[in-house]
1. Restricting attention to the stretch 80-124, and to residues there that are in a strand (DSSP E or B) and of a type in the set (Asp, Glu), which single residue is nearest to Ala162 (Cα to Cα)?
2. Contact list please: Cβ distance under 6 Å, first residue in the stretch 156-168 and closer than 10 Å to Ala127 by Cα, second residue assigned to a loop (DSSP other than H, G, I, E, B), pairs at least six apart or on different chains.
3. With (1) surrounded by 14 or more Cβ atoms within 10 Å (Cβ to Cβ); (2) not in a loop (DSSP other than H, G, I, E, B) as the list, and Ala127 as the residue in question, which single condition is left unmet?
4. Among the residues of the stretch 232-250, write down those that are touching a Leu at 6+ places or on another chain (Cβ under 7 Å) and closer than 17 Å to Ile212 by Cβ.
5. What is the one condition in (1) crowded, with 20+ Cβ neighbours inside 10 Å; (2) under 19 Å from Pro45 (Cα atoms); (3) in contact with a Phe, Trp or Tyr (Cβ under 6 Å, 6 or more places away or on another chain) that Thr222 does not satisfy?
6. Could you list, in sequence order, all residues of the stretch 166-190 that are surrounded by fewer than 23 Cβ atoms within 10 Å (Cβ to Cβ) and not in a loop (DSSP other than H, G, I, E, B)?
7. Looking at Leu106, Leu134, Leu140, which one is more than 24 Å from Leu227 (Cα to Cα), in contact with a Phe, Trp or Tyr (Cβ under 8 Å, 6 or more places away or on another chain) and either among the small types (Gly, Ala, Ser) or at pLDDT 95 or above (or both)?
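The values are calculated or read from the model by the stated rules, or taken from the named source; none is laboratory data. Predicted model only: the values in this text are computed from it and were never measured. Glycine gets a Cβ as well: all are built from the backbone with ideal geometry, and neighbour counts include every protein chain shown.
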Amino acid sequence: MIGACRSGHAILAMLALIAPETARSQTVAHGVTQTVPTASSADAPICTDRPTKSNFACTVPRGLIQIEADGLAWLSTTSGGNRTDQLVAANTTVKFGLTSHSDIQLNWTPLVQVRNRDAAGRVDRRAGIGDATLRYKHRLTGAMQSVQVALLPFIKLPTAPAGISNGKVEAGVAVPININVPGGWTVTLGPQLDFLADADGRGRHAGVTGLINIARQIGAVTLYNELWTSQNFDPTGTIRQASYDMSLAWLVHPTLQLDIGANIGLNAATPGLVAYLGVAARF
């Protein structure tokens, strides 16, 4: 997945970067094992870019399809007496394995409902589809290395209506870095560079995202703790966001994972709470 909310851009960015694929050496969730998930293999347990905002360097096995989706996600943001609530249904990423070290992905949300209430009590409601995001992941490291690195360029297409999307094409590139630590721990770093539309619609500017995720696998369950930051260098003023994200994933079957999680905003520009339930399956 993938994902970042920004005040003014908050709804758009959460849809575009939802907030996260293949092989590993043992039957575990999200690659948290004695070996970081690496080679693409059809008989390896599923490896996903969810839960949390982090991505993994592993890719979907060649010729297979993987679906990762939120059942429901709820976002709430309060700032200056204004409150925005957003309900996202079935935010879905479909992946297809191209080679033993690359896949292509499409993220899209069929239903987004947004409710804004200002300080005077006036309410505005919007509903529609979300933006679509195309992603390509290419793993750079060898199958048996304890540190795994991938490139993940993406482009957001403005398929959502006004009030849900800014109507602009935006793009970026993430660099998932997964580090195996003895004892069943995995440390994930997620630097990301975004190319965003200016708030006034007249130009482009950069954004930078970073995170550190520490995960621990216990049997078929994996626990995640994550710190996430985003700096949106809009000409009208830099928007800085931060959140603490926590989640749990359960590997029901080598090709099926269920998860639950919550992201807690750490400043006023970040949604105060994002809660979600999700599922990932490989075919």
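1. Taking the candidates together, the pick is Asp124.
2. Correct list of pairs: Ala160/Ile129; Ala160/Gly130; Ala160/Asp131.
3. (1)
4. If the condition is that a residue be touching a Leu at 6+ places or on another chain (Cβ under 7 Å) and closer than 17 Å to Ile212 by Cβ, then Ala242, Ser243, Tyr244 are the ones that fit.
5. (3)
6. Correct list: Ala171, Val173, Ile177, Ile179, Asn180, Val181, Trp185, Val187, Leu189.
7. Details: Leu106 fails: in contact with a Phe, Trp or Tyr (Cβ under 8 Å, 6 or more places away or on another chain); Leu140 fails: in contact with a Phe, Trp or Tyr (Cβ under 8 Å, 6 or more places away or on another chain).
Exactly one residue qualifies, and that residue is Leu134.
Results for (1) outside any strand (DSSP E or B); (2) modelled with pLDDT of 95 or more; (3) in contact with a strand residue (DSSP E or B) (Cβ under 8 Å, 6 or more places away or on another chain); (4) on the phi > 0 side of the Ramachandran plot, shown as yes or no for each residue.
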| site | (1), (2), (3), (4) |
| --- | --- |
| Ala206 | no, yes, yes, no |
| Asn225 | no, yes, yes, no |
| Ser230 | no, yes, yes, no |
| Gly237 | yes, no, no, yes |
| Ala242 | no, yes, yes, no |
| Asn267 | yes, no, yes, no |
| Leu277 | no, no, yes, no |
| Ala280 | no, yes, yes, no |
